[in-house]
Amino acid sequence: MAIPTPHIACSDPSLIAKTVLMPGDPLRAKFIADTYLTDVICFTSTRNILGFTGKYNGKRISVMGSGMGMPSIGIYSYELYNFYGVENIIRIGSAGSYDESLRIFDTVLVSSAVSESNYAKVAFGYRSHQMKPSKALNTKLTKAAAKLGIPLTEAAIHSSDVFYGENKDHWKEMRTKYNCMAVEMESFALFANAKALGKKAACLLTISDSFVAPEITTAEERQTSFHNMMKIALELASN
Ligand code: ADE
């Protein structure tokens, strides 16, 4: 397949940096570009999935939405890695906590993604239901968080295909059987793509809701906690 790809309207790979931060929400990608980057260009807006490249601390970095769920991040991350020469993708997303030790607004570094999804098997023949991030990126993210003084909890998470379901106890099985501390919907496919293509991936998550301790949060609190996650990812990307 040639570029531009079906889902990224960019004809020049040099417009996309080697490291891409991927929030789920394309408007969050725009927010990061507007707030943190200089010399910004928009390299794609197909289906309103916005992608930007700019500079942070003098280093080029891209930020692009992934959309929600494994099929969506599967498409975008595959095209970035395989057709645009991207080497590192750091997902920055939100997650629901399965454990009292993970409170709303905590920042999580994903150590492994467990899933019922068949994505990795169908795409690449991988039979494992657990996919791992890059150790090298996780080490750098841990160091970046320490430098910024932002607490980071490393945890295994559940990558789910289901947001609305009738089985209200399924999450408990994922917590006890697989030690999943939180749930999101993308990392398993991202990590599988990186493994298959010889690239690097990692994921930072902000806890946005809890299955065990529902809390009421303000917009300001949410914004601050999302900034912490973005700052860690940007710190890594600029070094
Ligand atoms: N992302 C944030 N909260 C979530 C939840 N409860 N389930 C799946 N993904 C999420």
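Count neighbours as other Cβ atoms within 10 Å of each site's Cβ, and list the GluC sites (Glu not before Pro) in region 54-146 that are DSSP loop with at most 12 such neighbours.
Passing sites in region 54-146 are GLU100.
Debye-formula intensities of the chain, expressed as log10 I(q)/I(0) at q = 0.07, 0.08, 0.13 Å⁻¹, are -0.20, -0.27, -0.73 (one equal scatterer per alpha-carbon, no solvent). In plain terms, the residue of PHE105, PHE226 with the fewest other Cβ atoms within 10 Å comes first and the most crowded comes last, giving PHE105, PHE226. Bridges between two residues of region 13-237, per DSSP, are antiparallel at a rate of about 40%. Each of ASP209, ASP12 was scored by other Cβ atoms within 10 Å of its Cβ. Listed from fewest to most, they are ASP12, ASP209. Go through LYS59/LYS147; LYS140/LYS199; LYS168/LYS195 and tell me which ones have a Cα-Cα distance over 26 Å in this structure. Too far apart for the 26 Å limit: LYS168/LYS195.
Cβ-to-Cβ counts within 10 Å put LEU80, LEU148 in ascending order as LEU148, LEU80, the fewest first.
Where a number appears in this text, it was derived from the coordinates with a stated rule and is not lab data. If you're wondering where the values come from, they're calculated on a predicted model, not measured in any experiment. All Cβ positions, even for glycine, are placed from backbone atoms using ideal geometry, and neighbour counts span all protein chains on display.
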